[in-house]
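*Asks:* Before we start, here is the structure in question, set down as structure tokens.
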Amino acid sequence: MTGTTTGKVGIKVWSDYVCPFCMLAEGPLHEATRDLDVEIEWMPFELRPHPTPTLRPEDPYLPAIWERSVYPMARRMGVDITLPTISPQPYTRLAFEGYQYAAEHGRAAEYTPRVLRAFFQENRDIGRIEVLADIAAELGLDAEEFSQALVTGSYTETHRAALRTAEAYRISVAPTIIIDGRHRIEGVPAVAQIRKAVLDAQAEQAAAGDAPACRIDGC
């Protein structure tokens with residue numbers, strides 16, 4: 001559901017589980033909105049879908065960008081994060097199909113942050129069904145049913161539909177945050193940036209609600 005249908009300000013966060021900046025975005029997002037009436041929905045965006053080769057931590061690119069950007073930002077934010085040694089990095093389709101299972105069973109909000117921590121703090125291979133099933137069990141989900149759903153592809157089409165939504169919103173960067181359908185933030189946001197967008201959206205919703213109009217049952 002959107003923020004409009006629930007009375008809350010809807011916030012969609014497109015992320016990938018192998019993107020360290022997506023993990024770093026979680027803190028500002030929650031700090032900025034902890035006292036505001038919002039509905040946060042994590043959305044899938046595969047940076048390197050199969051068969052595109054995934055990155056290798058032993059190649060120059062990843063260590064360089066972590067030293068230049070990820071580690072300095074994490075230190076400033078007080079976030080414990082480490083470049084995983086899994087090589088090559090896992091594809092994330094199965095993890096995202098697991099997200100769809102978690103969402104259907106009421107654990108969407110907990111699932112994405114937990115998978116990010118598993119990869120970036122615990123160095124776990126989130127491309128493996130057994131690792132994802134362990135995470136599901138931690139969240140109170142049925143690990144056996146969860147595993148079977150991934151093996152049989154029960155949520156493959158749901159995930160594909162979610163990726164089509166990313167295309168419709170022209171998502172090309174992770175993280176991308178869209179607030180109330182129109183305020184767009186790409187990259188790790190500042191707390192003030194998110195808060196202003198949410199407050200602006202609340203003001204816009206209030207103004208729209210006050211606009212005079214006639215209904216089908218009269219004026």
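The values are calculated or read from the model by the stated rules, or taken from the named source; none is laboratory data. Just so you know, these numbers come straight off a predicted model, no measurement behind them. We place every Cβ from the backbone using ideal geometry, glycine too, and count neighbours over all the protein chains shown. In case anyone asks, the SASA skips ligands and DNA or RNA and just uses the protein heavy atoms, side chains included. Shrake-Rupley method; radii C 1.70, N 1.55, O 1.52, S 1.80 Å.
*Asks:* Across region 146-180, what is the total count of residues that are in contact (Cβ under 8 Å) with a residue 24 or more places away in the chain and either over 29 Å from Leu36 (Cα atoms) or part of a helix (DSSP H, G or I) (or both)?
*Replies:* Number satisfying all stated conditions: 13.
*Asks:* Go through region 185-204 residue by residue and tally those that are under 18 Å from Gly7 (Cα atoms) and buried (at least 16 other Cβ atoms within 10 Å of the Cβ).
*Replies:* 5
*Asks:* Can I ask one more? Residues that are out of contact with any helix residue (DSSP H, G or I) (no Cβ under 6 Å at 6 or more places or on another chain), of a type outside the set (Asp, Glu) and modelled with pLDDT of 95 or more: does region 2-10 have at least one?
*Replies:* No, region 2-10 contains no residue that is out of contact with any helix residue (DSSP H, G or I) (no Cβ under 6 Å at 6 or more places or on another chain), of a type outside the set (Asp, Glu) and modelled with pLDDT of 95 or more.
*Asks:* Only residues in region 31-58 that are at negative phi and of a type in the set (Asp, Glu) count as the first member; pair them with residues that are modelled with pLDDT under 95 and part of a helix (DSSP H, G or I), Cβ under 6 angstrom, at least 6 apart or cross-chain, and list the lot.
*Replies:* Going by the 6 Å Cβ cut-off, the qualifying pairs are Glu39/Gly3; Glu39/Thr6.
*Asks:* Return the residues of region 158-184 that are on the phi > 0 side of the Ramachandran plot and either open to solvent by less than 40 Å² (accessible area, probe 1.4 Å) or at pLDDT 95 or above (or both); say none if nothing qualifies. Walk me through how you get there before you give the answer.
*Replies:* Narrowing region 158-184 to residues on the phi > 0 side of the Ramachandran plot: 170, 180-181.
Hits for region 158-184 are Arg170, Asp180.
*Asks:* Out of the helices (runs of 4 or more DSSP H) lying entirely within region 5-120, which hold 3 or more residues that are surrounded by 15 or more Cβ atoms within 10 Å (Cβ to Cβ) and under 13 Å from the mean Cα position of the chain (by Cα)?
*Replies:* Result: 20-33, 93-104, 108-120.
*Asks:* Provide a single number: the residues in region 121-145 that are closer than 25 Å to Gly27 by Cα, part of a helix (DSSP H, G or I) and open to solvent by 30 Å² or more (accessible area, probe 1.4 Å).
*Replies:* The qualifying residues number 3.
*Asks:* Among the residues of region 130-170, write down those that are farther than 19 Å from Phe45 by Cα and among the aliphatic types (A, V, I, L, M).
*Replies:* Scanning region 130-170 gives Val131, Ala133, Ile135, Ala136, Ala137, Leu139, Leu141, Ala143, Ala149, Val151.
*Asks:* If you take the residues of region 76-128 that are out of contact with any Gly (no Cβ under 9 Å at 6 or more places or on another chain) and among the basic types (Lys, Arg), which of them is farthest from Ser15 (Cα to Cα)?
*Replies:* For region 76-128, the residue satisfying everything is Arg76.
*Asks:* Something else about it: Considering only residues that are in contact with a strand residue (DSSP E or B) (Cβ under 7 Å, 6 or more places away or on another chain) and in a loop (DSSP other than H, G, I, E, B), which ones fall in region 182-213?
*Replies:* Of everything in region 182-213, just one residue is in contact with a strand residue (DSSP E or B) (Cβ under 7 Å, 6 or more places away or on another chain) and in a loop (DSSP other than H, G, I, E, B), namely Pro189.
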